[in-house]
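Everything below concerns the one structure shown next.
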Amino acid sequence: MTPLRIPVAIASLAFFSLFLSGCKASDVSLEPGQQRVSVRVSAVTGGESRDMPLRFSGIVRATQRATLTFQISGTLKERAVELGQKVQAGEVLARVYNPALEPARDSARARLEELTTGYEQAKREWERSSQLHQRGVVSEQTLEQIAARRDSLNASVATARAGLTEASQMLEESTLRAPFSGRVEALLVEQDEFVVAGQPVMRLSSPEGREVEVRVPAHLLSHVRLQQTLPVWSVQDRHQPPQTGSVVEIAQAGGIRGELHPVLVSLPANTLEPGEPVEVGITPELEAALTVPLLSVIRNAEGTSVFRVRDNIARRVSVNVDRVVGERVVIKSGDLSPGDQVVYAGMTRLADGDAVEVR
């Protein structure tokens, strides 16, 4: 080697050594032997009220409806209507025959006439005896006996009159009339069948209004109020836009755990037909809360926490879990804010203060 080449080689070696030392000095974030942990992150959401729409099933029914019964027993001798027929208020729908009704009424009428005649006679006798008593012909005791008989017959007349009224009403009960104008929804008894008192005979509904009853958990009752509007979807045609119903009745929460409580919703006229299955939407208003992925929450002896990533460094942050909503968890924490990035994958190799690489 010539003397000129030796200084050149020494200078090249010194430059290469300085280059390597400069590269190591630039990587100040990692200690010797430390590697970045590969993780996946998701943003903290919330900070404002969130709505979670819930749907409850129900069947449309007429607002005014009635199951009609006879108040007496008898044989159904006449049914003047057919299924689906429209009727007017007061129209005769059916009649039952009870062989004891008419004789009972006639007997009550005859008894009333008999007692009325006896009372009138006793009244005239008391008037004559009263005049004779004034002239000293009839004693005071006799006059009192005649007056007592008159008063007794008067009371019997009142009792007989009430009996005739009852017998006439019982006979009137053998005729079933429409309590309101509507349509015959169901026929439950055939002609010539024996009907007992209180047995359902037919159902009547009015076309004037529609309603649907849904049953909801007790904790949702505080999220509905009277006259509140709710969306109502038809199950048979889900492409149809929802109708707008109005809450008209809200049940009182009971003490039975897990019991569902009815909420009655009035529907607009000429929209949904009785018997049609629908879904009513109730949107509870939730308090402002933060949510993180369910997989991001770590439980250990110190409690629950998550790893927040800032500037590629993971730091453990303590949180309090409120409830699980789907794949996310509602939490309470004074150290997290909406938009913070929390780790939900790769936490098994992660410690507080580790450098991370977000995939």
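Out of curiosity, is S266 small (G, A, S) and more than 19 Å from the chain's Cα centre (by Cα)?
Spelling it out, it is not the case that S266 is small (G, A, S) and more than 19 Å from the chain's Cα centre (by Cα).
State which residue pairs qualify: first residue under 12 Å from L76 (Cα atoms) and inside the range 168-192, second residue assigned to a helix (DSSP H, G or I) in any location, beta carbons under 8 Å apart, and separation of 6 or more residues or different chains.
Listed pairs, sorted by first residue: S174/L101.
Any idea which of (1) part of a loop (DSSP other than H, G, I, E, B); (2) surrounded by 15 or more Cβ atoms within 10 Å (Cβ to Cβ) is the one S246 doesn't satisfy?
Here S246 clears every test but (1).
Out of the residues in the range 293-334 meeting the condition of being in contact (Cβ under 8 Å) with a residue 24 or more places away in the chain and of a type in the set (D, E, K, R), tell me which one is surrounded by the most Cβ atoms within 10 Å (Cβ to Cβ).
R308
When residues of the range 267-289 are filtered for being touching a Ser or Thr at 6+ places or on another chain (Cβ under 8 Å), of a type in the set (D, E, K, R) and either modelled with pLDDT of 90 or more or closer than 30 Å to S206 by Cα (or both), how many remain?
2
Quick check on my filter: what residues within the range 251-270 are surrounded by fewer than 16 Cβ atoms within 10 Å (Cβ to Cβ) and in a loop (DSSP other than H, G, I, E, B)?
Q252, A253, G254, G255, I256, R257, G258, E259, P268, A269, N270
The values are calculated or read from the model by the stated rules, or taken from the named source; none is laboratory data. Model, not experiment: these values are computed from the prediction. Cβ coordinates were reconstructed from backbone atoms using ideal geometry, including for glycine residues, and neighbour counts include every protein chain displayed.
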